1. With Cβ to Cβ distances under 14 Å as the rule, what net charge do the other residues near residue 328 carry (K, R +1; D, E -1)?
2. Round to the nearest 10 and report in Å² the accessible area of residue 105, as given by a 1.4 Å probe over the protein chains' heavy atoms.
3. Over the alpha-carbon set of segment 170-307, divide Rg by the Kirkwood Rh and report the Rg/Rh ratio to two decimals.
4. Can you give the extra length, in nm with one decimal, that the chain gains between residue 109 and residue 34 once fully stretched, where that is 0.36 nm per residue apart less the Cα-Cα distance?
5. Keeping all protein chains in place, calculate the accessible area per residue for segment 15-95 (probe 1.4 angstrom), answer in Å².
6. Among the lysines, select those whose C-alpha is under 26 Å from the C-alpha of residue 265, and discard any that sit fewer than 8 residues away in the same chain.
7. Each label point is 7 Å from the Cα along the Cα-to-Cβ direction; what then is the distance between the points at residue 212 and residue 188, in nm?
8. When the chain is fully extended, how far beyond the present Cα-Cα distance does residue 250 get from residue 333, taking 0.36 nm per residue of separation?
Amino acid sequence: MTSEQAEQWPRMIALVDMDCFFAQIEQLDNPQWKNKPVAVTNGQLGSTIITSSYQARAFGIHTGMRLKQARQLCPALIQAPSRPQRYAQVSRQIMSSLLAITPDIEVYSVDEAFLDLSRCQQLYFGASDIGQRIKRRVFSVSGLRCSVGISGDRTTAKFAAKKDKPDGMRVIHPALAEQTLAPELVTALSGINKGIASFLARYGIICCGDMKRVPMSVLAKRFGHLGRRIWLMAQGKDPEPLSYNVKPPKTIGHGKVMPPQTRDKNVVLIYFQHMSEKVAARMRCFHYQAECFFIAAKTDQGWLKTKTHAGFYTDDGRVIYQLCQQFLQLYWSGQGVWQVQVTALAPQQGKQLDLFTEDNQQRQQVNTAMDNVNHRYGEFTLAPARLLDKSAMPNVIAPAWKPGPGSPRDYFL
């Protein structure tokens, strides 16, 4: 038994990070695309790249790049329309399989998970053994490669996972975390964006090793608890625990990018109705209702936006769509629209719906029947007539989607 195998860390955290998750699934399901440059877009008509394979990235292609520009860099680029249901399905398989490693898991996103291995270290032969077991398990259930980082805190583990991608593994012993991070830019740590980095730079904090030159109180005064955490993160001592429970949502919203400069009112209404029905269906799925809604449209002059009240708690897409119609009538003067957004604010569970009229009772029955059919046969199998021909408006998987109870469609945009 090696010294690593014999040693028990005070805390051991792993970060599992799937490599080019969506693109890797497309290459798996289309063997002829293996080792070829693949770019995933939002539907066949999508013009912006959601993600790309490592073979495509070698040409300088990256997320957010226009497909037209990407084809100039790589004429052989393969476009793969996104398939969010498939990605959600694979994510569920992977996240469920990791429970065989440890029950202490935080699903961080559709393609990332933190594992707290502190309580089960004695079952394995050290950090490297656990990392290899994780990689083998992920591959056995999905056929996909992942990168794994292991250290004594979540920030250093996430940093480690990024160092040897793709298909890599990096172990940073907690005792070596501070000196390992010291020469790294503070922006290499998850959660430190340009705004925070700009503030730190005023105090001469460019690299993680500079952090101890400034008292923790300086960051705490500016950022509160986050400031204290950042001060410790830079030293490989992130105190943040894993979160095992998904917190109730503060908002439930959906947005769509439209063809640029859309001035056809009927088209704008189709997009607003699509978003209204999706927000409503998602609220009903988890038994939420809302009374206040944020409605917005992006134009050349900026965002037109408002918060509007239904006057009662609702989960009915027709009611939300009526609010969108009123919004257009009040705020839109025909200028080109680029994007729409509909968001339920402060959704609540268990609110008494307005069911005192026969019409509202019938609407609830219609919505229940529609949800049952759509969950069984596919989203918008039953839908308002205006939405039945929305084939050019494909779903994407929401950034906040996390595998859990319910349908794989629950968090699609």
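The values are calculated or read from the model by the stated rules, or taken from the named source; none is laboratory data. This is a predicted model, so every value here is computed, not measured. Here the Cβ is made from the backbone with ideal geometry for all residues, glycine too, and neighbour counts use every protein chain on show. Note: accessible area is taken over every heavy atom of the protein model, side chains too, but ligands, DNA and RNA are not part of it. Shrake-Rupley method; radii C 1.70, N 1.55, O 1.52, S 1.80 Å.
1. Charge balance in the 14 Å sphere: +3.
2. Around 20 Å² of this residue is reachable by solvent.
3. Working: Rg = 22.1 Å, Rh = 19.1 Å.
Radius of gyration over Kirkwood radius for segment 170-307 works out to 1.15.
4. Net length gain for the segment: 24.5 nm.
5. Per residue, segment 15-95 has an accessible area of 45 Å².
6. 256, 278, 298, 305, 307, 390
7. Spacing of the two 7 Å Cα→Cβ label points: 1.7 nm.
8. My answer for the length gained is 26.8 nm.
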